[in-house]
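Novice: If you scroll down you'll find the structure; I have some questions about it.
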Amino acid sequence: MKHHVHIIGGGLAGSEAAWQLAQRGFKVRLSEMRGAGDMTAAHQTDGLAELVCSNSFRSDDDERNAVGLMHHEMRRLDSIIMMAGETAQVPAGSAMAVDRDAFSAEVQRILLGHSNIEVVRERIDALPTSGPTIVATGPLTAASLAESIVKATGQDRLAFFDAIAPIVYRESIDMDICWTQSRWDKKTAASNEEGDYINCPMTKEQYAAFHQGLINGEKTEFKEWEENTPYFDGCMPIEVMASRGVDTLRYGPMKPVGLDNPRDTTPEFPQGRWPYAVVQLRQDNKLGTLWNMVGFQTKLKHGAQVELFRTIPGLENAEFARLGGLHRNTFLNSPLVLDRQMRLKDAPHIRFAGQITGCEGYVESATVGLLTGLMVAAELAGETWAPPPPTSAMGALLSHITGDAEAATYQPMNVNFGLFPPMHDIGKKQRKEAYTSRGKSDFGNWLETMAKVPA
C-alpha cells in the first residue's frame, strides 16, 4: 500500500494517530518492531497498544478532574483508545480501568481491519529522510533509532525510571481477612455491586514491620550510568516512598481513609473502622482472576518481593502472575527541539508523539498521538492548523510540551489543572468544576470551528 504518512511505533500514541489519519482518508504505514523478532525490556506481547504498567486510565470524572476532562475531549474526537477502553472496561470505582489483553486486542482488531492502515512488523533503525513521519516509539525506543534521534536533535537524551506493580491471582487472596469496597463507596456504571477494590488491612504494628521490610529488602542495583536518573513521581517505587518517612505511605498508596473494615466493628462504628493502613488491589482483567497491587511499583528483587508481600494480611498465600519491576524510560526535551506542531525543528517532516515527548500517562500519550494525527491531516489537506484552546485539557498539555514548560527543568508531566490558565477569581471549592466547565465550553467552540479535512 502506498502511504501518505509513516508512523513508527504501535503503542497508544501511534495507534491513535493512525486511527485519526485513516478516518480522514489518509493512507498510513504503521511500523511496529514487536512481532518482527524484537522486544523491549518491559513489553510482554506483540499486541498493538499494549499497556505495560498499570491497567488504569485514572479518573473518569469529567467534572472535577483534569484527566477525566481529557477523557471527555478524547471521546468527542472519536478516540480509538477510549472506544477500546470502554469495550474492555473493568470495575475501578470512579476510575477507568481495562482488561489489558482485551484492550490491546480490540485496538489491534480495529486497526488491522481499516482499509487505510497497513500494519508492518519491522524495526526502523533511523529517522526517515523525507515524507510525513510520526515517531511514536515511546520511552523504550530501540537503541539504534534512539541514537538516530539524538543525532537529529543535537541533544542528549533525558531519562527517568518507570516502575511496574505486581499482579496477584484472585483465588490466592484470603477474603476472610480482606474485603471489597471502593473508597467512600464511590461507584460508576462499571462498578461491582460490593465495590471495586480488595482491601488488605494493617494494624500499626504490622505497618511498622512492613515499612521496615521495604527499607531493608534487597533491591535491584543499577549500572553506573543509571545512578543519577530521576524517578517520575507518579510511578515512584514504594520503597523509595518509604524512605521519605515512616508515614509517607499512609498518606499515599496505603491511606486508609474512607475504607470501613467490616471485620473491625464497634457500637460507634457498626459499619467498621478505618484500619491503620491499607493495601489495595484493583481488578486487572475482565474475568476478575487477576488483581494488581495499587501503587506498589517496586525495585525490590523478586525473591524479596514474594517474601515481604506475603506478610501483608490476606496475602499470606498470594500467588503472583507478575512481580514488580523497573525500566529506564527516555524522552526528548520537547520545548527545546520541537515546534508548536510537534515537528522537529531541524527536520520538520518529522513529528513526535506520545511519551517520548515528555508527557506521562496512558491518556496523555494517546492524546498527543491524537493531536499529532490531526496536525498531519490538516497539513496534508492544505488546511491551517488551529490548536485546541489552552483552557482545555488537550490544549493545556500541548502548550506545556511545545514551549510553555521551562526547557532547562523539563520533566515528564501528567495533565493537571496547574497547566491551565488560572482562575484566581473562583473560590477553591468551586475551582475544579469551573476549570472543567470552561474547558468543555471552549473545546466545544474549537470543534465547531475546525475545518473538516476532505476524505
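The values are calculated or read from the model by the stated rules, or taken from the named source; none is laboratory data. What you see is a predicted model, and the numbers here were worked out from it, not measured in a lab. Here Cβ is always computed from backbone atoms with ideal geometry, including for glycine, and neighbour counts include all displayed protein chains.
Novice: How many residues are in contact with a helix residue (DSSP H, G or I) (Cβ under 9 Å, 6 or more places away or on another chain), assigned to a loop (DSSP other than H, G, I, E, B) and charged (D, E, K, R) when one looks only at the stretch 248-287?
Specialist: 4
Novice: Taking the conditions exactly as written (among the charged types (D, E, K, R) and buried (at least 21 other Cβ atoms within 10 Å of the Cβ)), does Arg282 satisfy them or not?
Specialist: yes
Novice: Now for a different question. Taking the stretch 177-200, which residues are over 18 Å from Arg250 (Cβ atoms), at pLDDT 95 or above and out of contact with any Gly (no Cβ under 7 Å at 6 or more places or on another chain)?
Specialist: Trp179, Ile198
Novice: Separate question: Kindly evaluate Gly324 against the criterion of being assigned by TED's automatic domain parsing to the domain that holds Thr133 and under 24 Å from the mean Cα position of the chain (by Cα).
Specialist: When the stated conditions are applied, Gly324 does not pass them.
Novice: Scan the stretch 327-347 for residues that are within 19 Å of the chain's Cα centre (by Cα) and aliphatic (A, V, I, L, M) and report the count.
Specialist: Qualifying residue count for the region: 1.
Novice: Can you confirm whether Thr203 is in the same structural domain as Ser94 (by TED's automatic domain parsing), of a type in the set (Ser, Thr, Tyr), modelled with pLDDT of 75 or more and within 30 Å of Trp291 (Cα to Cα)?
Specialist: Here the answer is no, as Thr203 does not meet what is asked.
Novice: Here's something else I'd like to know. Going through Ser54, Ser15 one at a time, which residue ends up being under 15 Å from the mean Cα position of the chain (by Cα), assigned to a helix (DSSP H, G or I) and either of a type in the set (Gly, Ala, Ser) or surrounded by fewer than 23 Cβ atoms within 10 Å (Cβ to Cβ) (or both)?
Specialist: Checking each option against the conditions leaves just Ser15.
Novice: Of the conditions (1) within 16 Å of Asp284 (Cβ to Cβ); (2) out of contact with any Phe, Trp or Tyr (no Cβ under 7 Å at 6 or more places or on another chain); (3) buried (at least 18 other Cβ atoms within 10 Å of the Cβ); (4) not polar (S, T, N, Q), Gly85 fails just one. Which one is it?
Specialist: With respect to (1) within 16 Å of Asp284 (Cβ to Cβ); (2) out of contact with any Phe, Trp or Tyr (no Cβ under 7 Å at 6 or more places or on another chain); (3) buried (at least 18 other Cβ atoms within 10 Å of the Cβ); (4) not polar (S, T, N, Q), Gly85 is out only on (2).
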